[in-house]
Amino acid sequence: MYHDIVRSMNTQADRIIGRFGTQTALADAIGVRQSAVAAWKRRGIIPARQQFRILEVARERGIPLEPADFFEEGGDASPQPRHACADAPAEGRAA
């Protein structure tokens with residue numbers, strides 16, 4: 001249980017919120033409610049649709065933040081989608 005608590009304190013959302021100082025500061029900076037940022041914190045991730053705006057505001061304010069910061073440490077910064085049919089042969093081609 002201790003490890004779950006420690007891990008939850010270092011999620012992608014925690015790290016990015018921390019760059020802005022507080023949930024309220026991030027919310028105000030990008031024009032969303034603090035409760036939205038709190039929900040991101042609970043889930044541990046920031047929705048993709050908000051990430052570009054956060055990067056823009058961080059750049060404007062001189063906050064060090066890069067696209068790779070939105071990915072878990074040790075993760076691939078450019079994940080490729082994997083579909084269930086990815087291993088199936090394409091139509092018209094033999095396996």
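Each reported figure results from applying straightforward, stated rules to the coordinates on display, with no laboratory input. This is a predicted model, so every value here is computed, not measured. Quick reminder, even Gly has a Cβ in these numbers, built from the backbone with ideal geometry, and neighbours come from all protein chains shown.
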- Note on the structure: Once both label points are put 7 Å beyond Cα along the C-beta direction, the ALA48-GLU66 separation in nm becomes 2.1
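Once the Cβ-Cβ distance between ARG59 and ASP14 is put in as r, and R0 is 25 Å, what FRET efficiency do you end up with, to the nearest 0.05?
Computed FRET efficiency for ARG59 and ASP14 comes out at 0.75.
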